[in-house]
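The structure under discussion appears below in the form of structure tokens.
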Amino acid sequence: MSTHELYTIPADMATWDVEAQGAARFTWEYDDPRDRLLTLYQKGKDKQWDSTTRIDWSLEVDPHDCLGMPDEVIGIHGTRQWDRIAGDRAEVDRLKHHLASWQFSQFLHGEQGAMICSARIVESVPDLDSKFYAATQTMDEARHAETYARFLQEKVGLLYPINPYLKSLLDDTLSDSRWDMPYLGMQVLIEGLALAAFGVLRDMTTKPLPKQILAYVMQDEARHVAFGRLALKDYYAQLTTAEREEREEFVVEGCYLMRDRFRSQEVWSNLGYDVDECVQATVNSPYYKAYQSLLFSRIVPCVKDIGLWGPKVQKAYADMGVLDMAGVDLNALMKADEDTAEQIDAEKAEVARSAVQVEKTIAVGATA
């Protein structure tokens, strides 16, 4: 079946072509690596995994309840729009199906964008150690896109086209000729936001398959955000005030786009709901406000750490209500992301060992 047959809203059959800007840079310096980046590169090689074997795809998923989360997390819950459908369980199930499809579709499109951006970093970044690491990230992002595509096609059965806010930020990121912009747009903003979104769902879902997928993808993404921090912190310290302000303006615009990305406008429109009413209800819902704050838990401290912390950036974060996220310990979050994935692997191994033991016991009993 063609993926286009699963789109709820027709997606453009043609490719989306973003004109490449800037230079492809070769370097002949092979002996001056940065130890921190080479350590990250080694980790990137060591931590490669195969989604067909690490993830248990035999696990069943109810497409109308992919994540096993309560109705209260739906943005319009408790509103007049919700009251119109609350008595119709089939309509509520349809809504939850479309919301999950929309959310994971944006994850999928973002991962393809990350794959292209990391390949662009390999091409344009001037130093070899960054090229090395970005090459491993390109493989990571391909695996993530493969994983989300399979989940959507085999378990959810619906897809949504790319959200216009995500598309706009990807366009701005990829069409800029400066070599650091794919880092800033993808590694810091898009990846940072996605990592936080994955984390909220990973911690709230009661379903084992999406939990595995989100945890394993996050294990990789934690390294990617660390890569952006390491690569940009040194470079941004050398910029002029005007150059730094240009990057800060990009951060502000990008963060507003990312904030508006999670309001699900396409779902409300596609299902025939009042879009303005639903968006306003979503923005004001307690769950969404908490969710939005958590979404910026990775971006805000990273932006501060790389030195883009001028008055305009701080004012924007204050306006969004996320300025206090500047004090979040990124290293602790990244360590927790890695530990969670390893813990899931350990739990799966224990279940497998128990199953083998049960089979042996049954075999012994049958023999006796």
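Structure data summary
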read-out	value
Packing-based exposure ordering (other Cβ within 10 Å, fewest first) of Trp82, Trp16, Trp102	Trp16, Trp82, Trp102
Gain on full stretching of the segment that runs from Ala142 to Lys43 - 0.36 nm per residue minus C-alpha separation	33.9 nm
Net lengthening on full extension, Ala352/Glu253 (0.36 nm per residue, minus Cα-Cα)	30.8 nm
Neighbourhood charge, 13 Å Cβ-Cβ cut-off, centred on Glu266 and excluding it, Lys, Arg +1 and Asp, Glu -1	+2
Sum of side-chain charges, Pro161 neighbourhood, beta-carbon under 12 Å (Lys, Arg +1; Asp, Glu -1)	-1
Amide H partners (placed H, <5 Å) of Tyr7, local residues excluded	Leu159
Arg80, Arg143 arranged by Cβ crowding within 10 Å, fewest neighbours leading	Arg80, Arg143
15 Å beta-carbon shell around Phe151, net charge (K/R +1, D/E -1)	0
Answer label, with Rg/Rh (Cα atoms, Kirkwood Rh) calculated from the coordinates and candidates (1) 0.99; (2) 0.94; (3) 1.08	(1)
Proxy reagent accessibility, fewest Cβ within 10 Å first, across Thr206, Thr53	Thr53, Thr206
Hypothetical label at Glu277: residues of the range 55-90 whose amide nitrogen lies under 18 Å (7 Å Cα-Cβ projection)	74-89
Calculated FRET value between Ala336 and Ser175, using beta carbons and R₀ = 45 Å, to 0.05	0.80
The range 1-101: GluC sites (Glu not before Pro) in DSSP loop, at most 12 other beta carbons within 10 Å	Glu19, Glu29, Glu60
Cross-link pairs Lys167/Lys211; Lys289/Lys335; Lys96/Lys155; Lys131/Lys335; Lys211/Lys289 - those with Cα-Cα distance over 21 Å	Lys167/Lys211; Lys289/Lys335; Lys131/Lys335; Lys211/Lys289
Per-peptide average of other Cβ atoms within 10 Å, ordering 216-224, 6-14 highest first	216-224, 6-14
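We did not get these values from a lab; they are worked out from the coordinates using the rules stated. These numbers were taken from a predicted model, which means no experiment stands behind them. Heads up, the Cβs are rebuilt from the backbone with ideal geometry, glycines too, and the neighbour counts pull from every protein chain shown.
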